[in-house]
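First comes the structure, then the notes that go with it.
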Amino acid sequence: MKKVLVTGGAGFIGSHLCVKLLERGDYVICLDNFFTGRKKNIKNILNHKNFELIEHDVIEPFYYQGLDEIYNLACPASPPHYQFNPIKTTKTSVMGAINMLGLAKKEGAKILQASTSEVYGDPKVHPQAEEYFGNVNTMGPRSCYDEGKRCAETLFYDYYKEHKVPIKIMRIFNTYGPNMLPDDGRVVSNFLIQALRGNDLTIYGNGNQTRSFCFISDLIEGMIKFMESSHDQIGPINFGNPYEISIKKLAELVIQETKSASKIIYKDLPQDDPLQRMPDITLAKKLFNWSPKISLEQGLSLTSKWFQQTYG
Ligand code: NAD
Ligand code: UDP
């Protein structure tokens with residue numbers, strides 16, 4: 001039986017990953033400091049005989065014997081949450097990477113880093129392919145997250161080069177689905193909660209900025225495929241849904257999907273908010289035969305139903 005450590009396992013993506021790994025018969029250790037993670041995300045697996053929950057902060061060293069794989073997901077991902085304590089965010093990415101890479105080295109474990117499309121910053125190249133170096137600000141509200149994640153990628157690469165640690169760098173593009181917090185602050189959960197409660201949908205800026213949204217089940221499938229790939233597949237590899245949509249169109253789609261009477265209002269665009277984002281997933285398609293299956297309409301409908309049942 002494989003022993004798999006998931007840092008950030010009580011969060012949105014981590015909780016879905018823990019469930020999938022248990023389903024395939026792994027022993028799963030979920031490590032979380034509960035900053036944005038919640039016990040209720042993992043309530044259905046808390047008593048599973050192959051599941052262990054450890055409350056721990058990744059900025060502190062951590063040791064666990066007999067590990068085969070580590071998925072390093074610990075880090076707040078929503079702008080309001082990662083900007084709440086920016087120094088802590090950088091520490092989480094950088095010291096968390098150092099601690100988990102040290103553990104992987106000691107244990108001879110494979111380690112996957114949940115990196116991000118934010119390493120491309122406000123991209124001047126569209127769509128974004130892995131070889132693009134990005135357009136990133138070192139001193140702005142998003143820098144703690146973007147630069148922390150970029151530094152983590154560098155650490156992963158150097159542990160691979162210097163110590164032959166088997167690494168996987170996964171660049172995740174905007175992902176959504178059940179288990180997002182209602183006050184998460186990211187656009188899909190904000191719009192759905194606003195629409196379901198009959199509140200105004202808040203568009204930041206003019207709404208012409210674009211994103212490409214991937215449903216959680218597609219992302220988890222790609223994440224596990226990448227981890228299971230051969231040692232020479234170190235990445236970085238983009239994973240996301242290449243269906244690009246403006247934030248204004250997304251708001252209209254959410255109103256339509258939820259049959260809401262909500263109106264759209266406009267607020268200031270936050271500093272350094274990327275104007276456009278869409279993954280080039282040629283590599284993931286070619287290497288892993290992976291591409292997303294769930295359309296935005298299907299994914300919004302599934303997520304909307306979940307929000308209604310959970311918070312309605
Ligand atoms: P999330 O905020 O729901 O989950 C993050 C988890 O990490 C939470 O459970 C949180 O409590 C935990 N955590 C935060 N700081 C920690 C620390 N110092 N020690 C231990 N645990 C800590 O976010 P998510 O969307 O599930 O994102 C998971 C990972 O995927 C993050 O690393 C994020 O950067 C990356 N990612 C997500 C997306 C996305 O669209 N969801 C996109 C790109 C990258
Ligand atoms: N956004 C918005 N209204 C909201 C939340 C976000 O218009 O209530 C915008 C935000 O400014 C950005 C896009 O939606 O342009 C995606 O934001 P999110 O925080 O989900 O992800 P990120 O900017 O990190 O890709």
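The values are calculated or read from the model by the stated rules, or taken from the named source; none is laboratory data. Since we're looking at a predicted model, the values are computed, not measured. Heads up, the Cβs are rebuilt from the backbone with ideal geometry, glycines too, and the neighbour counts pull from every protein chain shown. Just so you know, the surface numbers come from the protein's heavy atoms only, side chains and all, with ligands and any DNA or RNA stripped out. Shrake-Rupley method; radii C 1.70, N 1.55, O 1.52, S 1.80 Å.
Things to note:
- Helical content of the chain, expressed as a calculated mean residue ellipticity at 222 nm, amounts to -12000 deg cm²/dmol (DSSP H runs of 4 or more residues, -39,500 (n - 2.57) each, divided by residue number, nearest 500).
- Solvent-accessible area assigned to carbon and sulfur over the chain amounts to 52 percent, based on a 1.4 Å probe.
- Net charge of neighbours whose Cβ lies under 10 Å from the Cβ of ARG171, counting Lys and Arg as +1 and Asp and Glu as -1: -2
- Diffusion coefficient of segment 130-177 by Stokes-Einstein, Kirkwood radius over Cα pairs, 10 °C, 1.306 mPa s: 127 µm²/s.
- Cα centroid of segment 39-55 to Cα centroid of segment 63-113, whole Å: 19
- Alpha carbon Rg of segment 210-312, scaled by the compact-globule rule 2.2 N^0.38 Å: 1.28
- Gap separating the Cα centres of segment 231-264 and segment 147-178, nearest whole Å: 23
- Residue-level accessible surface for ASP184, protein heavy atoms, 1.4 Å, Å²: 10
- For the residue pairs LYS40/LYS305; LYS20/LYS305; LYS105/LYS168; LYS39/LYS105; LYS267/LYS305; LYS3/LYS305, the C-alpha atoms sit more than 23 angstrom apart in LYS39/LYS105; LYS267/LYS305; LYS3/LYS305.
- Square roots of five times the Cα gyration tensor eigenvalues for the chain, Å: 30, 22, 18
- Per DSSP, loop GluC sites (Glu not before Pro) in segment 122-217 with at most 12 further Cβ within 10 Å: GLU131
- Derived scalar couplings ³J(HN,Hα) [segment 29-35; Karplus, 6.51 cos²θ - 1.76 cosθ + 1.60; whole Hz; x for Gly, Pro]: 10, 9, 10, 7, 9, 6, 5
- With all protein chains kept in place, the per residue accessible area of the chain amounts to 44 square angstrom at a probe of 1.4 angstrom.
- Dividing the Cα radius of gyration of segment 1-107 by 2.2 N^0.38 Å, with N the residue count, gives 1.02.
- Selected from GLN271, ASN44, GLY235, residue furthest toward positive end of dipole (the chain; charges at beta carbon): ASN44
- Its Cα centre serving as origin, segment 1-146 has a Cβ charge dipole (Lys and Arg +1, Asp and Glu -1) of approximately 360 debye.
- Net lengthening on full extension, ALA129/LYS164 (0.36 nm per residue, minus Cα-Cα): 10.0 nm
- Computed over the chain: relative contact order in percent, which uses C-alpha pairs under 8 Å that are six or more apart: 17
- What the phi angles of segment 54-70 give under the Karplus curve with 6.51, -1.76 and 1.60, with θ = phi - 60°, is a coupling list of 10, 7, 7, 9, 5, 6, 9, x, 9, 10, 8, 8, x, 6, 9, 9, 10 Hz, glycine and proline written as x.
- Kirkwood-Stokes translational diffusion coefficient of segment 171-267, alpha-carbon pairs, 10 °C, 1.306 mPa s, µm²/s: 108
- Projected-area average for segment 85-227 over all orientations - Cα convex hull basis, square nanometres: 10.2
- Area accessible to solvent at ILE245, 1.4 Å probe radius, in Å²: 10
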